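The values are calculated or read from the model by the stated rules, or taken from the named source; none is laboratory data. These numbers were taken from a predicted model, which means no experiment stands behind them. Cβ placement follows ideal geometry from the backbone for every residue including glycine, while neighbour counts extend to all protein chains displayed. Quick note on the areas: whole protein, heavy atoms, side chains included, nothing else; ligands and nucleic acids left out. Shrake-Rupley method; radii C 1.70, N 1.55, O 1.52, S 1.80 Å.
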Amino acid sequence: MSLSKYAGITAAAVVAACLLTPAIAQMNTPSPAGAGVYFINLKDGDTVTSPFKVQFGLTGMGVAPVGVEKENTGHHHLIIDATLSPEELKAPIAADAKHVHYGAGQTEAMVTLPPGRHSLQLVLGNWSHIPHNPPVMSPVITITVK
Ligand SMILES: [Cu+2]
């Protein structure tokens, strides 16, 4: 009777939902061709005194604060002594001492680090902290803090 028909429709709907889920999960915000982030005032091999200023450069996109969902925008993240795995590039960026968010839309910051060598990388994140697709990342640079 109609129960089996209903169950059949439900099963089809569940299968469809399962097939759609991976596609939705991979749909992070697209970035336009040619978009890039870079360190304006630091280059690989520089020596600095802590605290030091870091200026975030961005081409081909704009800066928007956290929560503002606007095409071709994002906010800066400074990744310190870490890198993001392919999986991490598809999820909200962690928030800790190695993953610093500039969610108010800052384009520069004062950074305090202990003496020694440190790697730095800029990664743009969308309104919900998820890197774009393809990710907008600077090269990793290594600096020495005196
Ligand atoms: Cu963020």
Screening 70, 53 for residues that are loosely packed, with under 15 Cβ neighbours inside 10 Å, of a type in the set (Lys, Arg) and over 19 Å from residue 126 (Cβ atoms) leaves only 53
Take the residues of segment 77-94 that are assigned to a loop (DSSP other than H, G, I, E, B) and closer than 18 Å to residue 42 by Cβ: which is farthest from the chain's Cα centre (by Cα)? 81
Please indicate, with yes or no, whether at least one residue in segment 111-132 is exposed (fewer than 15 other Cβ atoms within 10 Å of the Cβ), near the ligand (Cβ under 9 Å from one of its atoms) and not aliphatic (A, V, I, L, M). yes
Quick one: is residue 143 in contact (Cβ under 8 Å) with a residue 12 or more places away in the chain, open to solvent by less than 20 Å² (accessible area, probe 1.4 Å), not acidic (Asp, Glu) and not in a loop (DSSP other than H, G, I, E, B)? yes
Of the residues 78, 89, only one is surrounded by 14 or more Cβ atoms within 10 Å (Cβ to Cβ), within 12 Å of the ligand (Cβ to nearest atom) and not basic (Lys, Arg); which? 78
Which residues, counting only those in segment 37-63, are assigned to a loop (DSSP other than H, G, I, E, B) and polar (S, T, N, Q)? 41, 49, 50
Cβ-Cβ under 8 Å, sequence separation 6+ or interchain: first residue in segment 105-117 and at positive phi, partner open to solvent by less than 100 Å² (accessible area, probe 1.4 Å). Which pairs? 105/63; 105/64; 105/65; 105/75; 116/144; 116/145
If you scan segment 95-110, which residues turn out to be surrounded by 15 or more Cβ atoms within 10 Å (Cβ to Cβ), within 10 Å of the ligand (Cβ to nearest atom) and outside any strand (DSSP E or B)? 102, 103
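Limited to segment 66-75, what total is found for residues that are more than 8 Å from the ligand (Cβ to nearest atom) and closer than 10 Å to residue 129 by Cα?
So in segment 66-75, the residues more than 8 Å from the ligand (Cβ to nearest atom) come out as 67-74.
Narrowing further to those that are closer than 10 Å to residue 129 by Cα: 67, 74.
Within segment 66-75, residues that are more than 8 Å from the ligand (Cβ to nearest atom) and closer than 10 Å to residue 129 by Cα number 2.
From 123, 66, which residue is touching a residue at least 12 places away in the same chain (Cβ under 8 Å), within 20 Å of residue 29 (Cα to Cα), in a loop (DSSP other than H, G, I, E, B) and not aromatic (Phe, Trp, Tyr)?
Of the residues listed, the single one that is touching a residue at least 12 places away in the same chain (Cβ under 8 Å), within 20 Å of residue 29 (Cα to Cα), in a loop (DSSP other than H, G, I, E, B) and not aromatic (Phe, Trp, Tyr) is 66.
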